[in-house]
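The values are calculated or read from the model by the stated rules, or taken from the named source; none is laboratory data. Source: prediction; values computed, not measured. Here the Cβ positions follow ideal geometry from the backbone for every residue, glycine too, while neighbour counts run over all protein chains shown. Quick note on the areas: whole protein, heavy atoms, side chains included, nothing else; ligands and nucleic acids left out. Shrake-Rupley method; radii C 1.70, N 1.55, O 1.52, S 1.80 Å.
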Amino acid sequence: MMSQLRRVMWNGTVRSLSLPDQLLATQVAGCEVLSITPSDYNRWLGTGISTREMRTMAADAGVRLTHLDPIVRWVDAWEPELPGGEEFPVETVAYDVDDFFRMAAALGVESFTAWGGFRPGRHSREKLTDAFGDLCRRAALEGLRCDLEF
């Protein structure tokens, strides 16, 4: 059986835009899906756009919101580190697993990405495997697919 391919607009390419403009860019680019971040979701809520309105706006634009990206707190000592000691905007990814899954449920997404932005060697392979397995089990219970970012 062949899988159905969908063109996805990665949020990182449009994150500086408002939700309506992200949806328009997604549409113009010929993409069917817009991935969104937890920080954008919460920012849009803060501007007075309800989750229902977000989903309606997307549907009206012919765009689906099916992927939430990223979750980083799936292992302890998760804080991202950038090369050269540059500060990472932790507040953009600091959502705990329960908050992340609440957002995923509210949006009705199908999948999400787990990102390991922590320093290489910080965790053993066994610890990462166990933590990622726990996350995938939780995702399965929620009816979600979990992707591990490369």
A careful count of residues in the range 139-150 that are touching a strand residue (DSSP E or B) at 6+ places or on another chain (Cβ under 9 Å) and either open to solvent by less than 80 Å² (accessible area, probe 1.4 Å) or within 15 Å of E79 (Cα to Cα) (or both) gives 6
Given the conditions (1) open to solvent by 30 Å² or more (accessible area, probe 1.4 Å); (2) within 19 Å of L107 (Cα to Cα), and given that T51 satisfies all but one, which numbered condition is not satisfied?
-> (1)
Go over the candidates S111, S35 one by one and state the one that is in contact with a Phe, Trp or Tyr (Cβ under 7 Å, 6 or more places away or on another chain), among the hydroxyl-bearing types (S, T, Y), open to solvent by less than 60 Å² (accessible area, probe 1.4 Å) and in contact (Cβ under 8 Å) with a residue 24 or more places away in the chain.
-> S35
What helices (runs of 4 or more DSSP H) lie completely within the range 1-107 and have 3 or more residues being small (G, A, S)?
-> 97-107
Give me a count of the residues in the range 59-78 that are more than 20 Å from F101 (Cβ to Cβ) and either open to solvent by less than 80 Å² (accessible area, probe 1.4 Å) or small (G, A, S) (or both).
-> 5
Within the range 7-19, how many residues are open to solvent by 70 Å² or more (accessible area, probe 1.4 Å) and free of Cβ contacts under 8 Å to residues at least 40 places away in the same chain?
-> 4
Pairs, please: C-beta under 6 Å, at least 6 apart or cross-chain, first residue under 16 Å from S39 (Cβ atoms) and in the range 83-101, second surrounded by 14 or more Cβ atoms within 10 Å (Cβ to Cβ) and of a type in the set (S, T, Y)?
-> T92/S39
When restricted to Q27, Q22, the only residue open to solvent by 80 Å² or more (accessible area, probe 1.4 Å) and among the polar types (S, T, N, Q) is Q27
Say whether the condition of being in a loop (DSSP other than H, G, I, E, B) and either surrounded by 13 or more Cβ atoms within 10 Å (Cβ to Cβ) or out of contact with any strand residue (DSSP E or B) (no Cβ under 9 Å at 6 or more places or on another chain) (or both) is met by at least one residue in the range 126-138.
-> no
F118 fails exactly one of (1) aromatic (F, W, Y); (2) surrounded by 17 or more Cβ atoms within 10 Å (Cβ to Cβ); (3) closer than 20 Å to I36 by Cα, namely (3)
